[in-house]
Amino acid sequence: MIIGITAALIGMTTWLLLGKWMADGLEPKADGSYEYAIILGAKVNGETPSLTLRYRLEEALSYAEAYPDVKFILSGGQGPDEDISEGEAMRRFLVERGVTEERLLLETESTSTYENLFYSKKLLPEGVKAVTIITSDFHLARARMIADSFDLETDALPAKTPQSVVAQQHIRERLALIKTIIVGK
């Protein structure tokens with residue numbers, strides 16, 4: 001019985017601590033002071049951004065309008081069930097809404113958050129050490145932790161999470177945070 005209670009307490013403490021880390025990942029909020037922003041990809045349905053990706057792109061679009069000098073790295077490869085890469089889907093969405101091609105850099109090789117940031121960093125001009133990360137609110141803590149491992153200073157632009165997947169994503173992200181803490185990816 002004592003082992004069961006101890007395990008439950010450890011589990012609850014871990015759950016709460018991971019939740020706090022996820023909340024802390026939302027700060028500091030982006031204020032246009034970094035020249036580059038990385039938009040992390042999410043599922044594309046055929047050639048259409050999923051709701052999760054659309055929410056990220058809507059945040060990026062508002063940011064692009066507020067800060068016209070910021071350039072964007074659109075980071076995401078093509079999954080086996082996607083007709084185009086996530087990066088290309090993001091490019092189309094933003095260009096159709098008035099963001100100029102000159103502000104957009106495509107990263108279309110990545111298949112994970114780690115790879116998003118690894119390949120995106122290679123697109124940054126030499127000397128750039130700080131970026132804004134645009135992704136779902138639940139995802140920012142881990143994305144910023146990985147960016148930190150690449151010596152990138154970051155601020156955050158959180159996109160809302162579709163209500164239909166909030167619980168699922170928060171559980172999945174806590175597990176992914178544990179994995180990142182342990183293996184660094």
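Structure notes:
- In terms of Cα atoms, the Rg and Dmax of the stretch 2-183 work out to 16.7, 62 Å.
- As a proxy for reagent exposure, Asp69, Asp24 were ordered by neighbouring Cβ count within 10 angstrom, fewest first; the result is Asp69, Asp24.
- Projected onto its three principal axes, the C-alpha set of the stretch 27-105 covers 37, 27, 17 Å, listed from the longest axis down.
- Test item: Cα-centred dipole of the stretch 45-91, Lys/Arg +1 and Asp/Glu -1 on Cβ, debye: 160 debye
- With the charge dipole of the chain set up from +1 on Lys and Arg Cβ and -1 on Asp and Glu Cβ about the Cα centre, the Cα lying farthest toward the positive end among the listed residues Val44, Met1, Leu18 is that of Met1.
- Dipole size of the stretch 2-183 about its Cα centre, with +1 on Lys/Arg Cβ and -1 on Asp/Glu Cβ: approximately 640 debye, rounded to the nearest 20.
- Computed over the chain, relative contact order equals 26 percent, with contacts defined as Cα pairs under 8 Å that lie 6+ residues apart.
- Normalised convex hull volume, the stretch 99-160, alpha-carbon set, Å³ per residue: 95 Å³
- Extending 7 Å from Cα along the Cβ direction at Thr6 and again at Glu102 yields two label points whose distance is 6.5 nm.
- Taking 0.36 nm per residue of sequence separation and removing the Cα-Cα distance, the Glu27/Ala130 pair yields an extension gain of 35.6 nm.
- Ser164/Glu65 FRET efficiency (R0 35 Å; Cβ-Cβ; nearest 0.05): 0.80
Every number in this text was worked out from the coordinates using simple rules, so none of it is lab data. Values in this document were obtained by computation on a predicted structure and should not be read as measured data. Reconstructed Cβ throughout: ideal geometry from the backbone, glycine too, with neighbour counts over all protein chains shown.
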